[in-house]
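Asker: Handing you this structure, nothing more for now.
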Amino acid sequence: MSAQKKRSFQIEAFKHRVVVDPKYADKTWSILEHAIHEIYNHNASGLSFEELYRNAYNMVLHKFGEKLYSGLVMTMTYHLKEISKSLETSQGEIFLEELNRKWADHNKALQMIRDILMYMDRTFIPSCHKTPVHELGLNLWRDVVIHSSKAQARLRDTLLELILRERNGEVINRGLMRNITKMLMDLGYSVYQDDFEKHFLEVSSDFYCLESQKFIEICDCGDYLKKAERRLNEEIERVSHYLDSSTESKITNVVEKEMIESHMQTLVHFENSGLVNMLVDDKYEDLGRMYNLFHRVPVGLSIVKKVMTSYIRDTGKQLVTDPDRLREPVDFVQRLLDLKDKYDKIITLAFNNDKTFQNALNSSFEYFINLNVRSPEFISLFVDDKLRRGLKGVGEEDVEVVLDKVMMLFRYLQEKDVFEKYYKQHLAKRLLSGKTISDDAERSLIVKLKTECGYQFTSKLEGMFTDMKTSEDTMQGFYANHGAETGDSPALSVHVLTTGSWPTQPSPQCNLPVEILGVCEKFRNYYLGTHNGRRLSWQTNMGTADLKAVFSKNVKHELNVSTYQMCVLMLFNNADRLTCKEIEQATRIPLSDLKRCLQSLACVKGKNVLRKEPMSKDIDDDDAFFFNEKFTSKFFKVKIGTVVAQRESEPENIETRQRVEEDRKPQIEAAIVRIMKARRTLDHNNIVTEVTKQLQSRFLPNPVVIKKRIESLIEREFLERDKLDRKLYRYLA
């Protein structure tokens, strides 16, 4: 089969020139103009849009696009002028309704016209850089209708009047308002801004300026904040209903400036209802409202924080310096905890847990807690009270809560080493007397202290627990080996304390009763026989004893007393009457301790196993004491505590302070040597700064003391001064 021959096609131009009717453009435009009139007159149902589109297409095709475009501008302008005239007679809300209706008609007409002139829109307009049909219709509406001399001001005033009426509580047509503001936005953001928004913000500023002045005069702080919050929410709601979203930030700024920023100082210091009164009365709702409103303006929260901080510091200062409140250390610390709980709750519930407010609270507590030099002692006494009896029967979780609160106060202390000193003393008494409510609670607190301050801080405290466990094992070994030898001797329980771990002080050896001496000597021989190179010294001031006592009518009681009290009571087995001076000579107990023992044995109601003549609380050398055979108690076991001050006396406090200062000296010297060993050469001010930085977790060293320790190190040839610069120090290897 042979292949078909390929054919080529060619299109040739008309051989005869097509001649257009000279009146074609006028005739065609006349048809289109009539159609536009009909569209604006709502008679578009009889029009053939296909035919109209073809006519517009042919005009552009035959180069009559300019005539078509200019004719469109003239025709639309004519109709819009007619619309503008028709709006002149209407007023108020009717004016807006009429304008909205005419705007809807214009948009509908504009859509039809754009469909007819679609070909011109796509070809002629871009090539000649003309305005597209839809945009042209909007621009003409803006210039002819909205910006007409009579409509522009009336439109603005009507909108502002309706908004004012709504602010005053009237109900307005929000749908109509939304349509009008949307029309302004459709005409261009600049139209919305210049014709409405700018004036709206100015009027709003004046309105809220006057209203805030009126509210300040007639309301208290809480009510004023409620009204300000309500107005702010109203404006946000107004924007969401019928204004452009871009207006929200602007109108809220106006409300914030006029109702809050202009009156911040007045509000926080409002007499009888300001910030301080809200804090005192725990007005969480009002405080939360103040926080939220002040948060919206620059430096608003700074003012709230400043006033709150100042008040907390003043309150705390009064608390820690009030002599009446310092008499009860446990109550003193409880008040601190209650104050902290109060403001923690305020910050959580009202201030959105704001970290800056929490930091300000912490700073305030640190400031006033350290105004009282006895705060470390009082916090330790509080712990002692809780771990002795205050937390008895309380669940583990609640114990942890209390301990965490104690640790919170501990963190505020600048003299943590002073707390350590007292805590060690109180812990020793609890462990030796067996009065702690829970070893787990004790260990939990030590773990918390270790986490906060490091191993060095708690190593001796942990050593105390180790000694207690070792002592149990030692006593089991003693009775296993010498149980038969002790026979009818008193039962002995010894705690062997490592000298460096326990807060023992050199104390004079008192004369123990002969009944006790034998078994004590046996224990000494056993212990030294099993441990080489050790020395034992009895700490009789720290021990306790259980005595069986028989009173008149063969009434028997078991008395739990201190070792000193035991020594005193055992004297009355062989004597009916003894003076204070005679007891002192027989026992060799230090006089101050002896007087406290005698007070607790003779002057405490319900515990008076001795009688005193003359009967008074004060003890003199010549006061006589007798065994009180008439003593009765509803309990078989009677605990007789030693009369001691819960807190240290002033001389004791000074003595403790002196011991703390002595303990600090080697720590300061060690820090100086560490720093100089690393730096080799350093000036005086930088040494002070570095030493303070290293030691501030335990205490704040005094610059004067640091200087003295530097001098001491120079004398011992650890450091030397630079020969040229006397403030420069060098490390000597």
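The values are calculated or read from the model by the stated rules, or taken from the named source; none is laboratory data. Everything numeric in this text was worked out from a predicted model, so none of it was measured. Glycine also receives a Cβ, built like all others from the backbone with ideal geometry; neighbour counts cover every protein chain displayed. Heads up: the accessible areas ignore ligands, DNA and RNA and are worked out on the full protein's heavy atoms, side chains in. Shrake-Rupley method; radii C 1.70, N 1.55, O 1.52, S 1.80 Å.
Asker: Would you calculate the volume per residue, in Å³, of the smallest convex hull containing every Cα atom of the chain?
Answerer: Working: hull volume 350.9 nm³, N = 733.
Convex hull of Cα atoms, per residue: 479 Å³.
Asker: Using a 1.4 Å probe over the heavy atoms of the protein chains, calculate the carbon and sulfur portion of the accessible area of the chain as a whole percent.
Answerer: Values: 19750 of 39950 Å².
About 49 percent, which is the carbon plus sulfur part of the accessible surface.
Asker: Here's another thing I want to ask about it. Compute the length gained on full extension between residue 252 and residue 621: take 0.36 nm times their separation in residues and subtract their Cα-Cα distance, giving the result in nm to one decimal.
Answerer: Details: separation 369, 0.36 × 369 = 132.84 nm, distance 8.30 nm.
Extra length available between residue 252 and residue 621 comes to 124.5 nm.
Asker: Next question. With +1 on the Cβ of every Lys and Arg and -1 on the Cβ of every Asp and Glu, and nothing else charged, how large is the dipole of the stretch 63-155 about its Cα centre, in debye rounded to the nearest 20?
Answerer: Numbers: 13 positive and 11 negative charges, 53 e Å.
I would put it at about 260 debye.
Asker: As a test question: what accessible area, to the nearest 10 Å², does residue 105 have when a 1.4 Å probe is rolled over all protein chains in place?
Answerer: Counting only protein heavy atoms, the figure is 40 Å².
Asker: I need the calculated FRET efficiency for the pair residue 604 and residue 507, taking r as the beta carbon distance and R₀ as 25 Å, to the nearest 0.05.
Answerer: On the way: r = 24 Å, r/R0 = 0.96.
Efficiency for this residue pair is about 0.55.
Asker: Convert each backbone phi in the stretch 434-444 into a coupling constant with the Karplus relation 6.51 cos²θ - 1.76 cosθ + 1.60 (shift: θ = phi - 60°), then list the ³J(HN,Hα) values in order as whole Hz, x for Gly and Pro.
Answerer: x, 9, 6, 6, 6, 5, 5, 5, 4, 5, 4
Asker: Please give the charge dipole size of the chain, origin at the Cα centre, charges +1 on K and R Cβ atoms and -1 on D and E Cβ atoms. Round to the nearest 20 debye. Please list the in-between numbers first.
Answerer: Details: 109 positive and 108 negative charges, 437 e Å.
For this selection, approximately 2100 debye.
Asker: Using 0.36 nm per residue, how much length does the chain from residue 689 to residue 70 gain when fully extended, once their Cα-Cα distance is taken away?
Answerer: On the way: separation 619, 0.36 × 619 = 222.84 nm, distance 8.50 nm.
Fully extending the segment from residue 689 to residue 70 adds 214.3 nm.
Asker: How big is the stretch 157-196 by the Kirkwood estimate over distinct Cα pairs, in Å?
Answerer: Values: mean 1/r = 0.0938 Å⁻¹.
Roughly 10.7 Å, rounded to one decimal.
Asker: Put 443, 289, 535 in order of accessible area, largest first, 1.4 Å probe: what do you get? It would help to have the intermediate numbers written out before the result.
Answerer: Working: 443 120, 289 25, 535 220 Å².
The residues order as 535, 443, 289, largest area first.
Asker: With every protein chain kept in the model, how would you rank 621, 286 by accessible area, 1.4 Å probe, largest at the top? List each step's numbers first, then the result.
Answerer: Numbers: 621 60, 286 25 Å².
Result, largest first: 621, 286.
Asker: Any chance you could check the Cα centroid distance between the stretch 169-202 and the stretch 351-396 for me, in angstrom?
Answerer: For the stretch 169-202 versus the stretch 351-396, the Cα centre distance is 58 Å.
Asker: Could you tell me whether the stretch 117-250 comes out rounded, prolate or oblate from its Cα gyration tensor? Rule is a ≥ b ≥ c as square roots of the eigenvalues, rounded for a/c under 1.5, then prolate if a/b exceeds b/c, otherwise oblate.
Answerer: Values: a/c = 3.32, a/b = 2.80, b/c = 1.18.
Prolate, because a/c is 1.5 or more and a/b exceeds b/c.
Asker: Sticking with this one: For the pairs 355/421; 102/198; 345/386, flag any whose C-alpha to C-alpha distance is greater than 31 Å.
Answerer: On the way: 355/421 33 Å; 102/198 25 Å; 345/386 23 Å.
Pairs exceeding the cut-off: 355/421.
Asker: Calculated FRET efficiency, residue 42 and residue 344, Cβ-Cβ r, R0 56 Å, to nearest 0.05?
Answerer: Numbers: r = 71 Å, r/R0 = 1.28.
The value I calculate is 0.20.
Asker: Quick one: ranking 442, 472 by accessible area, 1.4 Å probe, largest first, what do you get? All intermediate terms of the calculation are to be shown ahead of the outcome.
Answerer: Values: 442 0, 472 110 Å².
Descending order: 472, 442.
Asker: How far is helix 650-679 tilted off the main Cα axis of the chain, in degrees rounded to 10, range 0 to 90?
Answerer: So the helix axis and the longest Cα principal axis differ by about 60 degrees.
Asker: Please list the non-local residues whose amide H lies under 5 Å from the amide H of residue 639, H modeled 1.01 Å from N, same-chain partners needing a gap of 5 or more.
Answerer: 560
Asker: Moving on. Between residue 549 and residue 63, what is the spin-label point distance in nm, taking each point 7 Å from the Cα along the Cα→C-beta axis?
Answerer: Label at residue 549, label at residue 63, 13.6 nm between them.
Asker: In a shell of Cβ-Cβ distance under 11 Å around residue 362, excluding residue 362 itself, what net charge do Lys and Arg (+1) and Asp and Glu (-1) give? Mind dumping the intermediate values first?
Answerer: Working: positive: 340, 355, 411; negative: 344, 366.
That sum, taken over residues with Cβ under 11 Å, equals +1.
Asker: Separation between the residue 633 and residue 292 pseudo-spin-labels, each 7 Å from Cα along Cα→Cβ, expressed in nm?
Answerer: 6.2
Asker: What is the distance, in nm, between label points placed 7 Å from the Cα along the Cα-to-Cβ direction at residue 481 and at residue 285?
Answerer: Roughly 7.6 nm, to one decimal.
Asker: Another question, then. Pairing the Cα long axis of helix 92-116 with the longest principal axis of the chain, what angle in degrees results, from 0 to 90 and rounded to the nearest 10?
Answerer: Approximately 60 degrees, to the nearest 10.
Asker: Find how many whole Å separate the alpha carbon centroid of the stretch 72-151 from the alpha carbon centroid of the stretch 404-455.
Answerer: 85
Asker: Between the helical axis of 174-186 and the dominant principal axis of the chain, each derived from Cα atoms, what acute angle in degrees is found, rounded to the nearest 10?
Answerer: Once rounded, the angle reads 70 degrees.
Asker: Hey, another quick one. Taking the Cα atoms of the stretch 206-290, what is the range of coordinates along each of the three principal axes, in descending order and whole Å?
Answerer: For the stretch 206-290, the Cα spread along each principal axis is 43, 25, 17 Å.
Asker: Hey, can you find the accessible area per residue of the stretch 438-557 for me, probe 1.4 Å, expressed in square angstrom? Numbers along the way, then the final one.
Answerer: Values: 7090 Å² over 120 residues.
For the stretch 438-557, the per-residue accessible area is 59 Å².
Asker: What FRET efficiency would be calculated for the residue pair residue 556, residue 581, taking the C-beta separation as r and a Förster radius of 25 Å, to the nearest 0.05? Could the numbers behind the result be given before it?
Answerer: Numbers: r = 31 Å, r/R0 = 1.25.
Calculated value: 0.20.
Asker: Still on this structure, please answer the following. Per-residue ellipticity at 222 nm for the chain, helices alone: DSSP H runs ≥ 4 residues times -39500 (n - 2.57), over residue total, nearest 500 deg cm²/dmol? Don't jump to the answer; show the numbers that get you there.
Answerer: Details: 31 runs with 456 residues, N = 733.
Theoretical 222 nm ellipticity from helices: -20500 deg cm²/dmol.
Asker: Find how much the distance from residue 334 to residue 194 grows on full extension, using 0.36 nm per residue of separation minus their present alpha carbon separation; answer in nm with one decimal. Mind showing how you got there, number by number?
Answerer: Values: separation 140, 0.36 × 140 = 50.40 nm, distance 6.34 nm.
Taking 0.36 nm per residue and subtracting the Cα distance, the gain is 44.1 nm.
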